Amino acid sequence: MHSQGMLHNHVWKPFAALGFTNNFWTLQADTLTSTWVILAIITIVSLYISRCLKNENSLVRFAVIQYVQAFRDLLQQSLKTCPINHLAMIASLFTFILLCNTIQIIPWLEEPTKDLNTTFALGLIAFLYVHGSSIRAKGLLHYLAHYFQPFILMFPLHVIGAISSIISLSFRLFGNIFGGFIISSLYASILTGSVLAQTIGLITGANIIMLLLFGIFEGLIQAFVFTMLTLTYLSMEILPEDEEESVS
């Protein structure tokens, strides 16, 4: 659970000695630390999995295959095909966001996705990947021509609509994770310094419920929503219009 003091992130100002002290040069220590831990976890687990995949009787190999197969099925339903680059992107995006959303179950770590900088970066990555894939699939001229349909005056609206997807993805993820962080922090503040409240929370199972609800279940749902929205945007960009209608 979060402590009351965790409502305020610790910050690093590595360039303060040079006079750069404004917010642009300020780093969120909690966000960076948790992100580095997540990247380390992904690296270590990936190395371990790569060894297990060589053993055909390994339970880890079976679990990984089922995990990847689930994303393969999602791509088949949305795109009617499953290119390895899209599969890798969608699976990696979900895995990273899921870990970011649930890392707080490890003591002294915080969710990077409660920081708007993190969710905005994820939204920007999804946006660049989707539109980069659209350019590769349709060609640059055909991609640009879409912004002038059905007539040239629609260009500003199409641009705003495309950019709004970044805001939609990032603020939705940030709002839900930060909201859960606030609720769990308030709950932790009630327990702090009260033996009676801690005892009641332990006996009634409220502590476990809060952990499962805001620590795991919410993180899983929000990672899935972000990933599915990205996949939806991708299908809208790279599929022909007649196929888009049949998929929807």
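The values are calculated or read from the model by the stated rules, or taken from the named source; none is laboratory data. None of the values given here were measured: they were computed from a predicted structure. Virtual Cβ from ideal backbone geometry, glycine too; neighbours counted across all protein chains shown. Surface areas here come from the heavy atoms of the whole protein model, side chains and all, with no ligands, DNA or RNA. Shrake-Rupley method; radii C 1.70, N 1.55, O 1.52, S 1.80 Å.
Data for the structure
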{"read-out": "Karplus-derived 3J(HN,Hα), 6.51/-1.76/1.60, for each residue of segment 15-27, Hz, glycine and proline x", "value": "10, 4, 5, 8, x, 8, 10, 6, 4, 4, 9, 9, 10"}
{"read-out": "Tilt relative to the chain, helix 29-52 - C-alpha long axis, 0 to 90 degrees, to 10", "value": "70 degrees"}
{"read-out": "Calculated FRET efficiency for the pair Ile208/Leu140, C-beta based, R₀ 41 Å, to 0.05", "value": "0.15"}
{"read-out": "Calculated from backbone phi, Karplus (6.51, -1.76, 1.60) coupling profile of segment 131-143 in Hz, x at Gly/Pro", "value": "6, x, 5, 5, 5, 5, 7, 9, x, 4, 5, 5, 5"}
{"read-out": "Angle between the chain longest axis and helix 59-79 axis [Cα atoms, degrees, rounded to 10]", "value": "40 degrees"}
{"read-out": "Exposure of Ser235 as accessible area (Å², to 10), given a probe of 1.4 Å and all protein chains", "value": "10 Å²"}
{"read-out": "At q = 0.10, 0.15, 0.19 Å⁻¹, base-10 log of I(q)/I(0) for segment 1-159 (Debye sum, equal scatterers on each alpha carbon)", "value": "-0.60, -1.03, -1.21"}
{"read-out": "Segment 91-97 - phi-based ³J(HN,Hα) in whole Hz, Karplus 6.51/-1.76/1.60, Gly and Pro as x", "value": "5, 5, 4, 4, 4, 5, 5"}
{"read-out": "Nearest-ten-degree value, helix 218-238 long axis tilted from longest Cα axis of the chain", "value": "10 degrees"}
{"read-out": "Helix-only mean residue ellipticity at 222 nm for the chain, each DSSP H run of n ≥ 4 adding -39500 (n - 2.57), per residue, nearest 500", "value": "-23500 deg cm²/dmol"}
{"read-out": "Within a Gaussian network of the chain (alpha carbon springs, distance under 10 Å), most fluctuating of Ser133, Ser58, Ser189", "value": "Ser58"}
{"read-out": "Computed FRET value (nearest 0.05) for Ala16 with Leu109, which takes r as the C-beta separation and R₀ as 25 Å", "value": "0.50"}
{"read-out": "Centre separation in Å (Cα based) which lies between segment 23-65 and segment 66-98", "value": "17 Å"}
{"read-out": "Sequence-separation-based contact order of the chain, relative, with Cα cut under 8 Å and 6+ spacing, percent", "value": "27 percent"}
{"read-out": "Solvent-accessible area of Asp115 with every protein chain in place, 1.4 Å probe, in Å² to the nearest 10", "value": "20 Å²"}
{"read-out": "Largest to smallest accessible area among Thr192, Thr227 [probe 1.4 Å]", "value": "Thr192, Thr227"}
{"read-out": "Length-normalised contact order for segment 3-148 - Cα pairs under 8 Å, 6+ apart - percent", "value": "19 percent"}
